[in-house]
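Nothing in this text is a laboratory measurement; each read-out follows from the coordinates by a stated rule. Since this is a predicted model, take the numbers as computed values, not measurements. We place every Cβ from the backbone using ideal geometry, glycine too, and count neighbours over all the protein chains shown.
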Amino acid sequence: MIPHSFPQAIEDQIDRTLAKPTRIHKIPCKSSSPLWVKREDELSSGISGGKLRKYASLIPYLKKNEINTVGMVGGPNSNNLVGLAQLLRENGIRPVAFVREAADKQLRGNALLLQMLLHETELQFIQRSEWNSVEAIARKSLQTYEERRFHTHLLTEGCFSFQAMIGTLSLAEDILRNEQDVGQTFNRIYMDCGTGLSAIGLILGLEHLLKHALGKREVVVTLIAETESGFAAKLQEMRERLEDTCPQSSDRNITVRFLKPHLSPRFGSINKALFEECVEIARNTGLIMDPTYSVKHYATALRDHAECEHRRETALFVFNGSALGTSGFQDMLARSASSR
Ligand SMILES: *Cc1c(COP(=O)(O)O)cnc(C)c1O
């Protein structure tokens, strides 16, 4: 029996071969309160963390609407562009990427992977000075495909949309399945945040599935690339849209708390301490984490977990990234690994 599940209207929109179950296990850490990790990195070998959950509802939506050409926008190191390009290709949908011109001209990491996945005509670089009007540029370019009778669709940066949020609800469900399997309740769940969509899906999923459940639950969001007020507004917008789709009211039984990363806090910024931490984490836990999100998220969560020790709660850290995310940083990591 599945104890917690979504209404059919939602279930019908999720491709379950993509939104798969992932395992959890304990992290060896010094705190006397246990810390577990959810291995969202194992959802896919080439797509970063929970992104596959977004695509699990996005791809069916595109297919249902007979879209065969998809415009996507993002930075040169975007995990989303690389992940989406793989899945669109697999489904015979043409990706057309509008990519912010890179400051680093070397072809490595995600910039390299994206170039491997796309034909020259499918990749358009946008100058930094023009980046504000990227959507207008993309729309104009997609119009030329429409004129040749292709069915096009333009996705927002990071795939932030209601359609993609539906798939991210599956993370909440899978965590509750994990809890049943191991006989534990996670009172505190650490989640990272880029656009915030995955964290929003987790919160709304828990709100929905735990409607009449007792006990306090807290989702702690590490704001890698959002502000607290920005996140709150997006959460409320998605909550209202979800209530429109499935009108059962959901209790607000989930507390949301925010953390700012303390290591190299500006989004996309890197420094020596970050790479040293990346090596430290690998040696202490066996987890190979991407510096852009997961290392910052883990260092922040671990500090908070230690500060919450007196609460004697079991916590879950969502590893929402991938080892592949280290590939753009080999030189820096080599320096940190060999000097320690
Ligand atoms: C994309 C990504 C995120 C952010 O996901 P959002 O749903 O946009 O908040 C977090 N971590 C990693 C590693 C990612 O690739």
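The GluC sites (Glu not before Pro) of the range 266-340 include none that meets both conditions, a loop assignment by DSSP and at most 12 other Cβ atoms within 10 Å of the site Cβ. When each of the peptides 126-133, 315-322, 86-93 is scored by how many other beta carbons lie within 10 Å of its residues on average, the order from highest to lowest is 315-322, 86-93, 126-133.
The protection proxy used here, the mean number of other Cβ atoms lying within 10 Å of each residue, ranks peptides 180-189, 284-293 as follows, highest first: 284-293, 180-189. Separation of the range 16-91 from the range 186-244 is 17 Å, based on Cα centroids.
Dividing the convex hull volume of the alpha-carbon atoms in the range 1-59 by its residue count gives 124 Å³ per residue.
Based on C-alpha pairs under 8 angstrom that are at least 6 apart in sequence, the range 148-272 has a relative contact order of 27 percent. Rg then Dmax, both in Å and based on the Cα atoms of the range 20-91: 16.1, 53. Estimated purely from DSSP H runs of n ≥ 4, each contributing -39500 (n - 2.57), the mean residue ellipticity at 222 nm for the chain is -13000 deg cm²/dmol once divided by its residues. Within the range 1-153, antiparallel bridges make up roughly 20 percent of the DSSP beta bridges whose residues both belong there.
For a quick check, take a GNM of the chain with Cα springs below 10 Å and name the residue from Y298, Y61, Y190 with the largest mean-square fluctuation. Among Y298, Y61, Y190, the largest GNM mean-square fluctuation belongs to Y61.
Separation of the range 294-314 and the range 140-156, taken as the distance between their Cα centroids, equals 46 angstrom. Over all orientations, the range 250-328 has a Cα convex hull whose mean projected area works out to 6.7 square nanometres.
Based on C-alpha pairs under 8 angstrom that are at least 6 apart in sequence, the chain has a relative contact order of 23 percent. With contacts taken as Cα pairs under 8 Å and at least 6 residues apart, the range 225-305 reaches a relative contact order of 27 percent. Among H297, H262, H153, which one moves the most in a GNM of the chain with springs linking Cα atoms closer than 10 Å? Among H297, H262, H153, the largest GNM mean-square fluctuation belongs to H262.
Note on the chain: antiparallel DSSP beta bridges, both residues inside, total approximately 10 percent of the bridges counted.
The share of alpha-carbon pairs in the chain lying farther apart than 36 Å comes to 19%.
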